[in-house]
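Reading through the structure tokens given below for one structure.
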Amino acid sequence: MSESEVRAAVAREMPGVRADLERLVRIPGIAFEGFDHSHVERSAEAVAELLRGCGLDVRIVRSGGQPAVIGTRPAPPGAPTVLLYAHHDVQPVGDLSLWESAPFEPVEREGRLYGRGAADDKAGIMAHVAALRAFGDQLPVGVVLFIEGEEEYGSDSLERLLTEHREEIASDVIVIADSANWDVGVPALTTSLRGLVNLFVEVRTLDHAVHSGMFGGAVPDAVTALVRLLATLHDAAGDVAVAGLAGRTGAPVDYPEDRFRAEAGVVDGVSLIGTGRITDRLWTKPAVAVLGIDAPATGEAPNALVPAAKAKLSVRLAPGDDPRRAYDAVRAHLEEHAPWGARVTVTLESGGDPCVIDASGPVFDAARAAFRAAWDGTEPVDIGIGGSIPFIATFQEMFPQAAILVTGVEDPHARAHGPNESLHLGEFARVCLAEALLLAKVAEQRQPAGQVAER
């Protein structure tokens, strides 16, 4: 198919792709504990049906976790095989009062489709489906679709699934559609992602609560001790003050402060934290955030000194750092800075590796050409991502000869993981076209399987 034929085919398929995306959004497939996992099963079945409709051999698989979907179609003689990844599970919705419309009822407003999972990552699934539908029986490459069912919950069973189905999913090119573009109208390839360590820190100063009047002023309460401890994690400028965490310089991409503040929703008068370029602070330097604190709620708090308080910390790691070493560094910092001799207990919840991708070679050239064509000549940007997709490092380790392309459908206004998540429909159409063009351009190389990705 020529480029003009691919364009026409994708445009023809977009109404049906949009309708099927909305059907997926209506399924509340949340893999977190405490939610009805029958919806995750329904979601996997819906994805499997979509892939069967594209002529793929489809199986729903699991390895002690939530269901994933694998769909395969063999390559034409001499053509490469491309693995297309996305995930069908979604984040919990949080406080329903913050949503302007029902999270699992897709609604279009001002060119955006609102709903949980509309961007992250059911649009990623449908971008793959759109490309397959556009080619129909003329698909120029072999494909393996791997649609995971518990990415938002930590991908606990993913490595086992990849190991168990390694031969089935081995490919020359891997497209991971779970990232973002630089802006509306500007496509991007993600070439670095931070790692992650989530941990709990508990501070104890008493073996039981005591009267705040009778003992306050001499006995430290645990909440105050915890607050003082958490304050040691940053210096006066807001840079992370934990010794031993790595940092590096990122891509020379300008991120104007006014744009960043608007996209982040920073309240007027609040200063940004840290030093250096904003892109370095977001992509290639460590970050520490307090995600939550266990302590008496203000409406229920008695006049008593709290004996113990607990916080959950999220530590984002620069590319090149190691989550195990980073956890040891943060734990040592917290234990060494315990105020007033408070007893400090640090517990690891989870960790994930950062990654750096060498985005050079013919496959990446093909991807950039596809982006330029889909965005009418706009040059794609190589970006880092402050978030984490730890399993990319797993793909790198298991398939070292494969070229890994990290793409996505989100934009700075998508609000993934938050209330009023949305998808820019115009950009979604460009993403679908870009993926179809990418498959065509990869196929043009016509190298035997296992050789396309050599760089």
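With n ≥ 4 as the cut-off for DSSP H runs, can you work out [θ] at 222 nm for the chain, using -39500 (n - 2.57) per run divided by the number of residues, rounded to the nearest 500?
Values: 13 runs with 146 residues, N = 455.
Helix contribution divided over all residues of the chain: -10000 deg cm²/dmol.
Under the rule a/c < 1.5 gives rounded, and otherwise a/b versus b/c splits prolate from oblate, where does the range 134-237 land using the Cα gyration tensor? Please list the in-between numbers first.
Working: a/c = 4.57, a/b = 2.59, b/c = 1.76.
Taking the square roots of the gyration eigenvalues as a ≥ b ≥ c, the range 134-237 is prolate.
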### Task
Please give the solvent-accessible surface of Ser97 in Å², to the nearest 10, using a probe radius of 1.4 Å with every protein chain present.
90
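Pull out the extension gain between Ser271 and Asp95, defined as 0.36 nm times the separation in residues minus the alpha carbon to alpha carbon distance; nm, one decimal.
Details: separation 176, 0.36 × 176 = 63.36 nm, distance 2.68 nm.
Separation in residues times 0.36 nm, less the Cα-Cα distance, equals 60.7 nm.
Could you tell me which of rounded, prolate or oblate describes the range 1-103, using a ≥ b ≥ c as the square roots of the eigenvalues of the alpha-carbon gyration tensor, with rounded for a/c under 1.5 and, failing that, prolate when a/b is larger than b/c and oblate otherwise? Intermediate results must be reported in sequence, preceding the final value.
Details: a/c = 2.84, a/b = 1.47, b/c = 1.93.
Oblate shape, in that a/c is at least 1.5 and b/c is the bigger or equal ratio.
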### Long-range HN-HN contacts of Ile404 with modeled amide H, under 5 Å
Ile174
### Query
All other residues with a Cβ under 15 Å from the Cβ of Ala287 taken together, and with Lys, Arg as +1 and Asp, Glu as -1, what is their net charge?
+3
### Query
If we count every other residue with Cβ under 10 angstrom of Ser63's Cβ, Lys/Arg +1 and Asp/Glu -1, where does the sum land?
-1
### Summary
Counting only protein heavy atoms and leaving out ligands, DNA and RNA, the solvent-accessible surface of Tyr153 at a 1.4 Å probe, in Å² to the nearest 10, equals 80
#### Entry: Pairwise label distance in nanometres, Leu348 with Ile60, each label 7 Å out on the Cα-Cβ vector
3.4
### Query
What are the ³J(HN,Hα) values, in whole Hz, obtained from phi via the Karplus relation 6.51 cos²θ - 1.76 cosθ + 1.60 with θ = phi - 60°, for each residue of the range 194-211 in sequence order, with x given for Gly and Pro?
6, x, 8, 10, 9, 8, 10, 10, 10, 10, 10, 10, 9, 8, 6, 5, 10, 4
### Task
Any chance you could give the angle, 0 to 90 degrees and rounded to 10, that helix 3-25 forms with the longest Cα principal axis of the chain?
40
### Query
With all protein chains present, how much of the accessible area of the range 32-111 (probe radius 1.4 Å) comes from carbon and sulfur, to the nearest whole percent?
51
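Would you mind getting me the FRET efficiency between Ala218 and Ala301? Use the beta-carbon distance for r and R0 = 22 Å, nearest 0.05.
After rounding to 0.05, the efficiency reads 0.65.
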#### Entry: Where a label projected 7 Å from the Cα of Arg160 along Cα→Cβ would reach, residues of the range 351-377 with amide N under 18 Å
351
### Query
How many percent of DSSP beta bridges within the range 51-194 run antiparallel, rounded to 5?
55
### Cut-off under 5 Å, modelled amide H: who pairs with Val409 long-range
Ser179
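Ranked by accessible surface with a 1.4 Å probe, highest first, in what order do Glu421, Glu164, Glu300, Glu410 come? The partial results should precede the final answer.
Working: Glu421 0, Glu164 110, Glu300 150, Glu410 35 Å².
Listed by decreasing accessible area, they come as Glu300, Glu164, Glu410, Glu421.
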### Task
Per residue of the range 400-415, in order, report the coupling 6.51 cos²θ - 1.76 cosθ + 1.60 (Karplus, θ = phi - 60°) as ³J(HN,Hα) in whole Hz, putting x for Gly and Pro.
x, 8, 7, 7, 10, 10, 9, 10, x, 10, 7, 9, x, 10, 6, 6
### Query
Taking a ≥ b ≥ c as the square roots of the eigenvalues of the Cα gyration tensor of the range 13-169, is the shape rounded (a/c under 1.5), prolate (a/b larger than b/c) or oblate?
oblate
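With r defined as the distance between the Cβ atoms of Asp235 and Asp376 and R0 fixed at 56 Å, what FRET efficiency is calculated, to the nearest 0.05?
It comes out at approximately 0.80.
Can you tally the net charge around Leu317? Count Lys and Arg as +1, Asp and Glu as -1, for every other residue whose Cβ sits under 10 Å from the Cβ of Leu317.
Spelling it out: positives minus negatives among the neighbours equals +1.
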### Summary
Residue separation between Ala289 and Asp328 times 0.36 nm, minus their alpha-carbon distance, gives in nm 12.3 nm
### Task
Place a label point 7 angstrom from the Cα of Asp207 along the Cα-to-Cβ direction, then list the residues of the range 322-344 whose backbone nitrogen is under 16 Å away.
343
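Can you compute the FRET efficiency between Val184 and Ser4 using 1/(1 + (r/R0)^6), with r the Cβ-Cβ distance and R0 = 25 Å? Round to the nearest 0.05.
Details: r = 25 Å, r/R0 = 1.00.
Rounded to the nearest 0.05, the efficiency is 0.50.
What accessible area per residue, rounded to a whole number of Å², is obtained for the chain using a probe radius of 1.4 Å? Before the final figure, lay out each step's value.
Working: 19250 Å² over 455 residues.
Value for the chain: 42 Å² per residue.
The values are calculated or read from the model by the stated rules, or taken from the named source; none is laboratory data. The structure presented is a predicted model; accordingly, all values stated were derived computationally and were not measured. Because the Cβ atoms are built from the backbone with ideal geometry, glycine has one as well, and the counts that use them run over all protein chains shown. Heavy atoms of the whole protein, side chains included, go into the accessibility calculation; ligands, DNA and RNA do not. Shrake-Rupley method; radii C 1.70, N 1.55, O 1.52, S 1.80 Å.
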